[in-house]
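Here is the structure we will look at, set down as structure tokens.
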Amino acid sequence: MDIFEILSEYREGFLSGLAITIKLCVIVWLSGLVLGSVLGVLGTKWNRFIGLPSRIATFMLSGTPILVFLFWLHYPLQEILRIRIDPFVTASVALSTINIFSVSEIVRSSIADLPTQYIEAAKVCGVPTRDRLIRIELPLIFRHVIGPVLFIQVNVLHMTLFASLISVEEIFRVCQRINAQIYRPIEIYTALALFFLTVSLPLNALAIAFKKKFARDISEK
Amino acid sequence: MIRGQNIHKSFGNKVVLNGIDIEVCPGQVTVVEGPSGSGKTSLLRCLTLLDYPDSGVVEIDDVRYDFPRTNGEAIAPPYPFVTVVFQQLFLWPHLTNRQNISLAAKSRNHQYENKLLDLIEYLDMKDFVDRYPNQSSLGQKQRVALARALILDPKYIFFDEITSALDVEQIKNIISLLLDLKGKGIGIFFITHNLYVADKIADRTLYLNNGKGVIE
């Protein structure tokens, strides 16, 4: 049995695993990008009440292995609260939390690092506040943020593999199950690697294209 | 006329401006000299209301602002009627030189295109106006910063040490530009370390040292 035969034979399983992985990714990407950006902006505005707690949470999360965090949400927390939550929801919450705080930290630090002199220069040129935000602040912040944020999204895609360890039927778990039945690890995991390459490479290419288009080197030589 | 009277400004325990009086008149050049840290830029920021003095009076064409503000009345920003060319210029790096110049004008005056063309001609910017600031030399960027100020038809322009990194030829060009602007009735406030420049353009000179000012 070669790779294509395996893919054809078990296509339903692969496709359902793929669908779960993509669903998980979309949830984590969207929540991270939207809520992370909002949290980053609010954290800059209300540093004491939102910015500081958000930075502490990011710091704590960055010091906790993803797997430990995922397992902790799945087993002890649910045991303490005496509830049972679908592993897919747990994985979505865990990965979204990580993505939200990572994105918010990038957005917050980009806003904080924006040289105020550019804003001051706009002020003395009489640029109205709305134009200042749309034409100067947002483009400069966007340029700063786009590269690291896209890089994190590629990492998030890879992190979805951990969901298999709490029994989410995503593509890695499907591969494990098929392998347990037919024991063809080379073919199965090569197919899996090809799948991740197929999704990751265009994303990386997109990140590079965005970077080229929007994040032209604007530094002074 | 822009007038500062008895301007005081401190940062913590350090008194930077200690009772400074100064005038900037239309069609005249007021030069401010002094060693580093003597408060030249602080004075510029106070007079243009980018920062507020701790105490004193700033008058901008008969509109009087007393400091400290006790009546809570808001200060109307005087820009771009009063504008500033900063030492580091702060051209917006993601916009081309042309976009830098036109951004402010666009939102204020929809007929700015002719003025932009005149400025490109006047400041000889044709070769680099469509480049980005980081693709332009310092002298070119200075001309862009100047054009960005001039397109707004300001009555007063404040320059913060813009000649500090220029060579002799570029300084001569700046002097001739400043004299031209002065001839057009623009009031100029010019911070410099360069005595040669000060000599060539000043109608009055304020020498700042240890927070005190001496008018020459």
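All of the numbers you see were taken from the coordinates with simple rules; none came from a lab. This is a predicted model, so every value here is computed, not measured. Here the Cβ positions follow ideal geometry from the backbone for every residue, glycine too, while neighbour counts run over all protein chains shown.
Here are the numbers:
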{"read-out": "The stretch A:31-94 versus the stretch B:169-184: alpha-carbon centroid distance in Å", "value": "59 Å"}
{"read-out": "Calculated from backbone phi, Karplus (6.51, -1.76, 1.60) coupling profile of the stretch B:78-85 in Hz, x at Gly/Pro", "value": "x, 8, x, 4, 10, 9, 10, 10"}
{"read-out": "Degrees between helix A:171-182 axis and first principal axis of chain A (Cα, 0 to 90, nearest 10)", "value": "20 degrees"}
{"read-out": "Dipole magnitude (debye, nearest 20) for the protein assembly as shown, charges at Cβ of Lys, Arg, Asp, Glu", "value": "460 debye"}
{"read-out": "Rg(Cα)/(2.2 N^0.38 Å) for the stretch B:1-56, N = residue count", "value": "1.09"}
{"read-out": "Net +/- balance of residues flanking B:I188 in space, Cβ distance below 10 Å, scoring K and R +1, D and E -1", "value": "0"}
{"read-out": "Cα Rg, Dmax, the protein assembly as shown, angstrom units", "value": "30.0, 95"}
{"read-out": "Helix-derived mean residue ellipticity, 222 nm - over chain B, DSSP H n ≥ 4, -39500 (n - 2.57), to 500", "value": "-9500 deg cm²/dmol"}
{"read-out": "Signed unit charges on C-beta, dipole axis of the stretch A:3-215, positive-most listed residue A:G63, A:Y75, A:S37", "value": "A:S37"}
{"read-out": "Kirkwood Rh and Cα Rg combined as Rg over Rh, evaluated for the stretch B:1-104", "value": "1.00"}
{"read-out": "Shielding by partners - mean other protein chain Cβ count within 10 Å, residues of A:125-132", "value": "6"}
{"read-out": "Viscosity 1.567 mPa s, 4 °C: Kirkwood-radius Stokes-Einstein D of the stretch A:123-200 over Cα pairs, µm²/s", "value": "81 µm²/s"}
{"read-out": "In the stretch B:50-138, the GluC sites (Glu not before Pro) that fall in loop regions by DSSP, at most 13 other Cβ within 10 Å", "value": "B:E73"}
{"read-out": "Magnitude of the charge dipole, chain A, Cβ model with Lys/Arg +1 and Asp/Glu -1, debye to 20", "value": "880 debye"}
{"read-out": "Quotient of Cα Rg and 2.2 N^0.38 Å for chain B, N being how many residues it contains", "value": "1.02"}
{"read-out": "Rounded to 10°, Cα long-axis angle of helix A:52-62 versus longest principal axis of chain A", "value": "30 degrees"}
{"read-out": "Angle in degrees between helix A:185-214 and the longest Cα principal axis of chain A, rounded to the nearest 10", "value": "10 degrees"}
{"read-out": "Neighbourhood charge, 15 Å Cβ-Cβ cut-off, centred on B:K172 and excluding it, Lys, Arg +1 and Asp, Glu -1", "value": "-3"}
{"read-out": "For the stretch B:108-171, convex hull of alpha carbons as volume per residue, Å³", "value": "109 Å³"}
{"read-out": "Ellipticity estimate at 222 nm from DSSP helix runs (n ≥ 4, -39,500 (n - 2.57)) divided over chain A, nearest 500", "value": "-25500 deg cm²/dmol"}
{"read-out": "Segment B:V214-B:V15, length gained on full extension (0.36 nm per residue, minus Cα span)", "value": "70.0 nm"}
{"read-out": "Computed magnitude of the charge dipole of chain B (debye, nearest 20; Cβ of K, R +1, Cβ of D, E -1)", "value": "360 debye"}
{"read-out": "Spatial extent of chain A: Rg and Dmax, with the Cα atoms as the point set, Å", "value": "21.2, 72"}
{"read-out": "Length-normalised contact order of the stretch A:3-215 in % [C-alpha pairs under 8 Å, at least 6 apart]", "value": "31 percent"}
{"read-out": "Relative contact order computed over chain B (Cα-Cα under 8 Å; 6+ residues apart), in percent", "value": "32 percent"}
{"read-out": "Around A:R55: net Lys/Arg minus Asp/Glu count, Cβ-Cβ under 9 Å", "value": "0"}
{"read-out": "Of A:A209, A:P185, A:I166, farthest towards positive along the dipole that unit charges on Lys, Arg, Asp, Glu beta carbons give the protein assembly as shown", "value": "A:I166"}
{"read-out": "Cα-based Rg of the stretch A:6-56 normalised by 2.2 N^0.38 Å, two decimals", "value": "1.89"}
{"read-out": "Whole-number D in µm²/s for the stretch A:74-179 (Stokes-Einstein; Kirkwood sum over Cα pairs; 10 °C, 1.306 mPa s)", "value": "93 µm²/s"}
